[in-house]
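I have placed the structure first, in the form of structure tokens, so that the comments after it can refer back to it.
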Amino acid sequence: MMRGFMLVEALISMALTVTLMMAVMGLVTSGHRIARLQPEAADQQQRIRIGVQALAQDIAHAGTGLDTGSRAGPLPQFFGALTPSSDGGITVWYVSSREAQATLASSAGPGSSVLSLAPNALCPAAQSACAFAPATTGILFDASGCRDVVRIDATYTAALQLHAPLTGCTYAPGASIAQGEVRTYRVDTAARQLIRRDEATGIDVPVLEGVADMRIEYFDEAVSTTPLPVDPILAPRSIRRIRVTLRFAAGPRDTVPDLVVSFDVTPANLSLT
């Protein structure tokens, strides 16, 4: 009889030991998972912060225009500086130099690959191209709303050599040319990447990994907590605020869950028009 009790006690003791060991193993496994998850989550947040900052900064510059001349002021006076791209992204236009700004001395149109510049106050006489540099991007536009993005291959004393001939509008003498940036941000859903494309060179550069999709909303005012949406195609010059929503999807081996990040940007130069 005593042996029976001892056997029962031994079985109970073994069961308690096994249960305790399973609990400890569960805690250890959970601890390991948390230890793995925290660095991955921190890395994801760091990558998101850097990528979002780059995108938000470019959008914030949208519409920066000329400092002098008859077309001084924000670009949206003449054309939309934030426009949807054909691949579902957003294209940003802005002037990036306060010195490299000039006007055409003669007309230029489809087939033109050299732009003659008129004298300006920033350069010595007969050196109206002094502030421009090779391997930079130029924004060519006029008061009618025509605009082109060009790549400057070489500079002369009073002219700019373009990488490729113009294909868009015909520009009369007095049209404006300035160093600037024209960039498109889009999502490559297959590669799960946020891509930045330089519209002057056509070069794509990955900005952020793990991006499943991007949604962009356009609004016609900058202050309200419930802004009204605007059609960026029908009214591109009325845009005042942009809301970008990025969805980060976890991969098959990731332990970090999907994440949605949304932020608003109110470019100062869009509010001045």
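The values are calculated or read from the model by the stated rules, or taken from the named source; none is laboratory data. Since the model is a prediction, treat every value here as computed from it, not as a measurement. All Cβ positions, glycine included, derive from the backbone under ideal geometry; neighbour counts span all protein chains shown.
Of all the criteria given as (1) among the aromatic types (Phe, Trp, Tyr); (2) more than 17 Å from residue 93 (Cβ to Cβ); (3) touching a Gly at 6+ places or on another chain (Cβ under 9 Å), the one not satisfied by residue 171 is (2).
Here the strands (runs of 3 or more DSSP E) wholly within region 144-255 that include at least 1 residues being surrounded by 14 or more Cβ atoms within 10 Å (Cβ to Cβ) and in contact (Cβ under 8 Å) with a residue 60 or more places away in the chain are 147-155, 176-188, 193-198, 204-209, 211-219, 241-248.
Looking at the structure I just gave you, is residue 66 at pLDDT below 65 and over 18 Å from the mean Cα position of the chain (by Cα)? Answer is no for this residue.
Among the residues of region 48-79, those identified as small (Gly, Ala, Ser) and either buried (at least 17 other Cβ atoms within 10 Å of the Cβ) or touching a Leu at 6+ places or on another chain (Cβ under 9 Å) (or both) are 51, 54, 60, 62, 63, 65, 72, 73. For region 180-196, a residue qualifies if it is closer than 14 Å to residue 59 by Cα and either in contact with a helix residue (DSSP H, G or I) (Cβ under 7 Å, 6 or more places away or on another chain) or among the basic types (Lys, Arg) (or both), and the qualifying residues are 183, 185, 186, 196.
The number of residues in region 56-72 that are touching a strand residue (DSSP E or B) at 6+ places or on another chain (Cβ under 8 Å) and free of Cβ contacts under 8 Å to residues at least 12 places away in the same chain comes to 1.
Looking only at residues that are of a type in the set (Val, Ile, Thr) and modelled with pLDDT of 90 or more in region 261-273, which one is surrounded by the most Cβ atoms within 10 Å (Cβ to Cβ)? Across region 261-273, the extreme among qualifying residues is 265.
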